[in-house]
Amino acid sequence: MALSSLRVKFIAAWALLLLAKAWLAVSLPPFGDEAFYALESRHLAWAYSDLPGLTAWLIRLGTEVGGMQPLAMRVPFLLIGAALPWQVVVISRRWFGEAAGWQAGWIALLMPLAGMMGLLALPDVPMLFATLVCVDAFARMLVRASWGAAAWLAFGLAVGALSHYRFALVVAAGGVGLLLDPRGRALLREPALWVALAFGALAWWPLLAWNLAHSGAGLGFQFVERHPWQLHGLGVWWPLVQAVLLTPMLFFLLLGALGLAWQRRQAVGAVPWRFVLGVATVAVPGYFLMAFFADIQRVSFHWPLPGWLLLACVAPPVLAQWPPRARWCLFATAGLGLAALFSSMVAVSRPEGRAALAAGPAYPDNFAGWSEVSREVADALAGMPAGTRLVADNFMVGAELAFALDRDDVLVLEHPLNVKHGRAVQLAQWGLLSAGRADWGNDPVLLVVEDTARPLKQRLEGYRSLCARAGSLPPAQVLNVDHGRKRFLLFRGVPGATGCVLPSLAWIDSPAPGAGLGASGVRGWALRPGAGLARIDVTLAGRVVASAAPSQSRPDVLAYWALAGEDDRVGFEVAIPADRLAPGEHWLGLVLHGRDGSVETWPAQRVRVEAQGSR
C-alpha cells in the first residue's frame with residue numbers, strides 16, 4: 001500500500017472510530033467504578049483511597065461543561081484515548097521510518113482494548129497516555145539528553161503518578177529498560193534526567209500524603225489486601241485470555257516483536273532494543289508471572305496493555321517478514337476483534353441487550369440496573385416528605401444514584417463490597433458512611449438495597465444487619481431488573497416505626513436453570529421469616545401458570561437458615577397444566593405472597609419446554 005494511502009486510510013479510520021465511540025458513550029450506562037470516580041469529582045482532592053486525583057479532575061472538567069451526563073463525563077477520556085495510536089505512530093516512525101510508523105499506528109488502532117480505550121472514564125486512559133509519553137521521552141533522551149526531552153519525560157511521569165497506583169510498575173519497567181541499555185546507564189550522569197525523575201517523584205507526594213494520613217489504607221489495599229499472594233493455577237489461562245483479547249494473530253505478532261527485541265539486544269543503532277526488551281519483559285511476561293499470585297476476583301486482563309502498545313511500536317519489522325496474505329489476515333482479524341468488542345458494548349448499552357445476557361456468565365453486572373433503580377428511587381422520593389434521607393447499602397449503589405440524581409448527599413451503609421473494593425475509608429472521610437438510624441435522627445429514610453450484591457447464603461444475615469442498623473424495616477418494594485439477575489429492595493423508613501419485616505427467600509430445586517420443564521412441574525422451598533407465606537405463584541414469561549401454598553415439611557431448610565421455632569412447612573411442589581406449557585425457552589419465576597399481604601417477585605431462571613412428542 002502506498003504511503004499516502006496508508007496515512008489517509010489511518011486518519012479516516014481513526015476519525016470514524018472516535019465518532020463511533022462518542023456516539024456509544026452517550027447511551028452506555030455508567031460503569032460502577034466510573035460512577036464512584038464521578039462521586040470523587042464532587043470532592044476534588046489531590047488523592048483518594050483508590051486513586052490519585054487526575055481521574056476525578058478530568059471527570060469534573062467534563063461535567064462542569066456538559067453536566068452530570070455520561071458523555072460529558074467521558075469526553076476528556078475519549079480525547080486522551082484517541083491520542084494513543086498517534087503516540088505509537090510518532091515513536092515507531094522515529095525508529096523505523098514513515099511507513100512503519102503508520103503500520104504501527106494501525107496495529108494500535110485495531111488492537112481491541114487499545115482501540116476502545118477512552119470509551120469509559122477510567123484511570124487507565126491517562127496512565128497509558130503517560131506511559132507512551134515516557135517511552136517517547138526516553139527514546140529522545142537516549143539519542144540526545146536535551147532539556148526538552150527531559151521536560152517531556154517529567155510531564156509523562158507526573159501524569160502517570162497522578163493516574164494510578166499501578167503506574168509504579170510502569171516506572172519499575174522503565175528503570176529495568178534504562179539499566180539494561182548502555183546508553184541508558186550513561187544517562188544517569190546527565191542532570192536533565194535527574195531533574196525529570198525528581199519532578200516525577202514529587203508527583204507521587206499527594207498519594208503518599210493521603211496514605212500517611214490514613215494509616216496506609218490505599219497502599220495496603222492496592223498491593224496487599226486485594227491480592228492473595230499465594231500460588232494458584234489460574235495464571236495458566238493468562239496467555240489464552242490475552243490471545244483472545246488481542247486477537248490471535250496480533251498476539252503472536254507482538255510476541256514476535258518481543259522475540260525480535262531479544263535477538264537484537266546487542267545491536268547498536270537508532271532503536272534502543274535493550275530498553276524495549278527490559279520494559280516489555282516486565283510489562284508482559286512479568287504480568288504473566290503475577291497472574292499466578294495476584295488478584296483474580298476483579299478485572300485485570302487490561303493490565304499488560306502498556307507493554308503491548310510498546311511492542312506495537314517495534315512490530316513493523318516483524319510484520320515485514322510475513323507474507324502479504326498473512327499481513328492482510330492480521331489486520332482483518334484485528335479489525336473484526338475491534339468490531340466485536342464495539343458491538344458487545346452496543347449490546348450492553350441497550351436494555352434488551354443486557355436482558356438477553358441475563359442467563360449467562362457474560363452478564364454486564366456493573367452496567368446493569370442503574371437507570372431502572374434510579375427511576376424507581378426518584379419516583380419514591382417524590383412521594384415521601386421533604387428532607388427524606390437517601391441511603392444506599394453499598395458504595396456502588398450510592399455512587400450510581402448520586403450520578404443519576406445529581407446529588408452528593410447519598411449515604412452509604414457499611415458493606416463487604418466497600419471493603420473489598422477499597423472504598424470504605426474514602427466514604428468515611430467524606431462523611432457519607434452511615435452507621436444507621438443513630439445518624440438519621442428523626443428524618444424519614446429511603447433505603448436502597450442491591451439484593452443481588454450478596455450471595456443468597458448471606459442474605460438473611462444481611463437482612464438482619466439492615467434491621468439492626470435501620471431500627472425497623474417495613475415491607476420492601478422489589479425491583480427485578482433483567483429477570484431478577486439484578487435485584488433491588490426499596491425500604492421506606494419513617495421515624496418511630498418498630499419491628500422488621502424481613503424479605504422472603506426462595507429456591508427452585510427442580511427444574512435446574514436451563515433444564516427442561518415438564519409435567520413434573522416445579523419443586524422447591526420458599527419462606528418469609530416471622531410472617532410466613534400464604535401462596536406461591538409460578539410464572540412463565542411473567543404469566544401465572546400455577547399456584548400452591550407451601551405445605552411440605554423441610555426441616556433441612558430451617559436448619560440451614562438457623563430458623564428454629566419457625567413453621568417448617570416451607571416446601572412446595574406445583575404441577576403445571578399441559579395447556580400452559582408452550583414449547584420453547586421461557587423464564588420461570590415465582591411470586592411470593594406473604595400472610596401479611598406483601599407480594600415479592602423472586603428472580604426468574606431460564607428453562608426449556610419441549611414440544612409434545614419430542615424426545
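Each value in this text was obtained by applying a stated rule to the coordinates, not by laboratory testing. These numbers were taken from a predicted model, which means no experiment stands behind them. All Cβ positions, glycine included, derive from the backbone under ideal geometry; neighbour counts span all protein chains shown.
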Checklist entry - In whole angstrom, and with the biggest value first, how far do the Cα coordinates of the range 452-496 range along each principal axis? => result 35, 20, 12
Checklist entry - Any idea how far the Cα center of the range 194-223 sits from the one of the range 426-444, in Å? => result 29 Å
Checklist entry - Highest mean first, what order results for 271-279, 549-557 on Cβ atoms within 10 Å? => result 271-279, 549-557
Item to check | Inverse of mean 1/r across different Cα pairs in the range 1-151, Kirkwood, Å | outcome: 16.6 Å
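Would you calculate the convex hull of the Cα atoms in the range 300-430 and tell me its volume per residue in Å³? Could you put the intermediate results ahead of the total?
Details: hull volume 22.2 nm³, N = 131.
Cα convex hull per residue, to the nearest whole number: 169 Å³.
In the P(r) worked out for the range 557-615, what percent of Cα pairs fall beyond 19 Å?
Values: 926 of 1711 pairs.
Tail of the P(r) past 19 Å holds 54 percent of the pairs.
Report the number of Lys pairs in the chain whose alpha-carbons are under 25 Å apart, with separation of 8 or more residues or on distinct chains. Intermediate values should be presented prior to the final figure.
Working: LYS9/LYS21; LYS420/LYS457; LYS420/LYS486; LYS457/LYS486.
Going through the chain pair by pair, I get 4.
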Checklist entry - Under the Cβ-under-4.7 Å rule, which cysteines of the chain stay unpaired? => result CYS134, CYS313, CYS329
Next on the checklist: Which three extents, in angstrom, do the Cα atoms of the range 389-500 have along their principal axes, listed largest first?
Outcome noted: 34, 33, 25
Item to check | Ellipsoid equivalent to the range 100-161 - semi-axes via the Cα gyration tensor, in Å | outcome: 24, 17, 6
Checklist entry - In degrees from 0 to 90, rounded to the nearest 10, what is the angle of the helix 54-66 Cα long axis to the longest principal axis of the chain? => result 70 degrees
Checklist outcome for this item: One quarter of the C-alpha convex hull surface, i.e. the mean projected area of the range 505-609 in nm², amounts to 6.1 nm²
Checklist outcome for this item: Computed Rg/Rh for the range 252-366 (Cα atoms; Rh = Kirkwood radius) stands at 1.09
Checklist entry - If packing is taken as the mean number of other Cβ atoms within 10 Å per residue, what is the order of 417-425, 489-497, 377-385, highest first? => result 417-425, 489-497, 377-385
